[in-house]
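Asks: My structure is below; once you've seen it, I'll send some questions.
All of the numbers you see were taken from the coordinates with simple rules; none came from a lab. As the structure is a computational prediction, the values presented were derived from the model and not from experiment. Ideal geometry is used to build each Cβ from the backbone, glycine not excepted, and the neighbour counts take in all protein chains shown.
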Amino acid sequence: MLFPEDLRYSEEHEWVRRDGADAVIGITDFAQDQLGDIVYVDLPDVGVEAIAGAAVGEVESTKSVSEIYTPVTGEIVAVNGDLTNTPEIVNQDPFGGGWLLRIRLTDPAEVDALLDAAAYRALVDG
Amino acid sequence: MAADVALLATARAEGAAYLRIYRFGAPTLTLGRFQPESDVDFDAAARLGVEVVRRPTGGRALLHGREVTYAVALERPAGPEGSVHALYAYLAGALIHALRQLGVESAVARLRTGTTTPACFTGVEGADLRVGTRKVCGSAQLQRDGWVLQHGSVLLDRLPFDESDLLRFPDAATRLEVRRMLGERTVTLRELGVVAPARTVADALIGGFATI
């Protein structure tokens, strides 16, 4: 189970990577492992305003549908179009090619308030 | 299906777990949450008097007819116990108990067939209960806001048609193959020698869920 040190995490099992004025968001290795084989990812339209804590999409695994929450507020400036045809990338590379959204941050301090890798690992280890 | 979503919302609002047992008033084909409508042969559905609706849960098309359906809404446990597979295993305990009360010994399906067809019951997965290698109860899940809806059905008997008559296939051979798989990989209570009224099966489900 991977917990990259350079990322921040939400309690709903999303990761956030700061990239200048943006945040790139995906689901964690723990989350993809819990969901099982992902067969479909439903993402919002670019230009939509995302509010921290709100559901912005859904991930369907072989036998379950789960919501995706944004841990930060801002405008969605990009979504990962590769997932339309190859959603399994989320299982294979959750912190890289399996990214979900890019959000132009309204308040960059929101990222700093999220869990660091150690705190997130403690959360999932129970 | 809207009632199942409402069950999830009510459970969450009240902080309680809920169980709903029901039957479909008419044969109904339910599509998975994101399954394309183009999978459905709507002319065939109209001809056979089959309604078509969409489930809030994942998976593929499923024909509901002579069955008893359950829906359960509960809070998702924190940590690994909240994973899709752990929840299926937990709730399977209730279903196994219910089937045992009816004289049927079932187990959680371990095999994943790897066969992808638009028909749900052609696959046998860890979410399902089998007798031997044949599926007797299939289930699907929705996780939302830390709460879980799982619904599924126990097959009592077959209808004179199945999913292969209601879905579109690239050719006749594929349709026949799906029909064969549905027959081979599923089993009904009647085929297992259990001819029980729906009410008895419903009571067994209630008894099963009372044990977990």
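Asks: Sort A:1, B:1 by Cβ crowding within 10 Å, fewest neighbours at the top.
Replies: Values: A:1 9, B:1 14.
Sorted ascending by nearby Cβ count, the order is A:1, B:1.
Asks: Continuing with the same structure: If a helix is a whole DSSP H run, which ones in chain B reach 20 Å or further along their own axis (Cα) and hold a mean Kyte-Doolittle hydropathy of at least -0.5? Write out the running numbers ahead of the final one.
Replies: Numbers: long enough: B:84-101 (26 Å, 0.86).
Helix filter hits for chain B: B:84-101.
Asks: Compute from the Cα atoms of chain A the Rg and the Dmax, the latter being the longest Cα-Cα distance, and quote both in angstrom.
Replies: Values for chain A (Cα only, Rg and Dmax): 13.2, 37 Å.
Asks: I've got another one for you. Sum -39500 (n - 2.57) across every DSSP H segment of at least 4 residues in the protein assembly as shown, then divide by the residue count to get the 222 nm mean residue ellipticity, nearest 500.
Replies: Working: 9 runs with 88 residues, N = 338.
Counting only the DSSP helices, I get -7500 deg cm²/dmol.
Asks: Among DSSP beta bridges whose residues both lie in chain B, state the antiparallel percentage, nearest 5. Write down the numbers at each step before the final one.
Replies: Numbers: 31 of 37 bridges.
So the antiparallel bridges in chain B amount to around 85 percent.
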